[in-house]
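A short worksheet on the structure shown next.
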Amino acid sequence: MATTRRTWLQAVGVGGTAAALSGCVGAPTADSGQNALTERRAVEDAQTPTVDRVAADPTDVPGPISRSSPATVDVTLRPEEVTAEIEDGVTFDYMTYNGQVPGPMVRVRQGDTVNLTFENPEGNVMPHNVDFHAVRGPGGGAEATMTGPGETAELSFKATYPGAYIYHCAVPNLDMHISAGMFGIILVEPPEGLPEVDHEVYLGQHEIYTDKPAGEEGHHRFDMASMIREEPSYVVMNGEKYAIGGRHDPVNVKTGETVRVYFVVGGPNLTSSFHPIGSVWEEYWPQGSLTTPPQTHIQTWPVAPGSTAIATMNSPVPGDFKLVDHALSRVARKGMIGMITVEGEPNPDVFDPNPASA
Ligand SMILES: [Cu+2]
């Protein structure tokens, strides 16, 4: 298998570079190749989405781990290149893990061994791989999983420390692949597990660099120059403009229920100022680190690209609570928002929007 991969990489002229750069170190090469997806599809119809949705369902979170001893866990990741809408009438060629942004949340227990199968589908255009920040080993697994279209790689690693960690593509054009959607979370639970909550929610922020301003209808191509300037057209939660609570359902909970959010910032370049409008984070674990007690009553906390946060909220009053990057032009102009809708009886003792009527 390794020989096959090496042969493919030599054929596209990136073998040595890939080995040198994989794993959180890299620089864009002159020929990004990302628009090869558009070129390939131009003969067909580049503006037609190949999938209805790339936004990950925020409630699709693997259940808590009840085991009291380590196990071997099988995980399969498939880098899928798809065309989808960023917003109505605007298409983009995404690169994803398993067809969704962020990629599927992986959940294991400290001490578990992960047997990863990395399947690069036959119809892809690009090489891909994965670098897990929960891995101790070269490139977080990037070199071991480097595959061309039609190739499969396997990697085994032990999750030796707890926390929520990003995983992301780490090919030489890693910034481009992440900005096209290639990132997600692996949660490593401590042996004692996590406190019980009513809901768990999975969200990810990243920025998309295109050749047109946000909102201009048509097919948006990836734009290397704007990425180098770090001036994205879109900054989004779960891959699409206003995905959660706009284009798709919000997260629905009831008053008094505790929601634990697992939040990842893929970047590749912008730090998120993560804030729940109309609330605070009751508990906040910066960097997704579970080895220190949480901060409490946190309003806004920076989440760097390549990192995560774990946070809880719990509203005593009903309403729509918007989760944002408090760099608010990204919300008002570029799409970065997600919504938790809290249902329940009004609670005028805590919040009364119309006191004169009492
Ligand atoms: Cu990739």
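A few points about this structure:
- Helix axis angle, 2-11 relative to the chain longest principal axis, alpha carbon, degrees: 80 degrees
- When each of the peptides 313-321, 187-195, 171-179, 69-77 is scored by the mean number of other C-beta atoms lying within 10 Å of its residues, the order from highest to lowest reads 171-179, 313-321, 187-195, 69-77.
- Solvent exposure of region 47-167 amounts to 36 Å² per residue of accessible area, where only protein heavy atoms count and the probe is 1.4 Å.
- The DSSP beta bridges internal to the chain are antiparallel in roughly 65% of cases.
- The helix-only estimate of mean residue ellipticity at 222 nm for the chain, built from DSSP H runs of length n ≥ 4 each weighted as -39500 (n - 2.57), is -3000 deg cm²/dmol after division by the residue total.
- Stretch gain in nm, segment T296-V197, where the contour uses 0.36 nm per residue and the Cα spacing is subtracted: 34.0 nm
- Sorted peptide list for 215-228, 270-283, 118-131, criterion being average Cβ within 10 angstrom, highest first: 118-131, 270-283, 215-228
- Separation between Cα centres of region 55-97 and region 188-203, rounded to whole Å: 18 Å
- Nonlocal Lys pairs with alpha-carbon distance under 30 Å, the chain (8 or more apart, or different chains): 9
- Considering region 217-358 at the alpha-carbon level, its Rg and Dmax are found to be 16.9, 58 Å.
- Stokes-Einstein translational diffusion, the chain - Kirkwood Rh over all Cα pairs, 0.890 mPa s, 25 °C, in µm²/s: 118 µm²/s
- Spin-label model distance (nm) - T72 vs T160, 7 Å beyond Cα toward Cβ: 2.0 nm
- Spin-label pair D249-D88: with each label point 7 Å from Cα along the Cα-Cβ axis, the two points sit 2.1 nm from one another.
- The slack in the chain from I228 to T341, taken as 0.36 nm per residue of separation less the alpha-carbon distance, amounts to 37.0 nm.
- Summed side-chain charge close to P305 - residues other than P305 whose Cβ falls under 10 Å, Lys, Arg +1, Asp, Glu -1: -2
- Region 73-192, accessible surface, carbon-and-sulfur percent (1.4 angstrom probe): 44 percent
- Computed in the context of the full set of protein chains, the accessible area of region 205-358 at 1.4 Å probe radius has 49% of its extent on carbon or sulfur.
The values are calculated or read from the model by the stated rules, or taken from the named source; none is laboratory data. From a predicted model like this one, the values you see are computed outputs, not experimental measurements. All Cβ positions, glycine included, derive from the backbone under ideal geometry; neighbour counts span all protein chains shown. Surface accessibility is based on the protein's heavy atoms, side chains included, excluding ligands, DNA and RNA. Shrake-Rupley method; radii C 1.70, N 1.55, O 1.52, S 1.80 Å.
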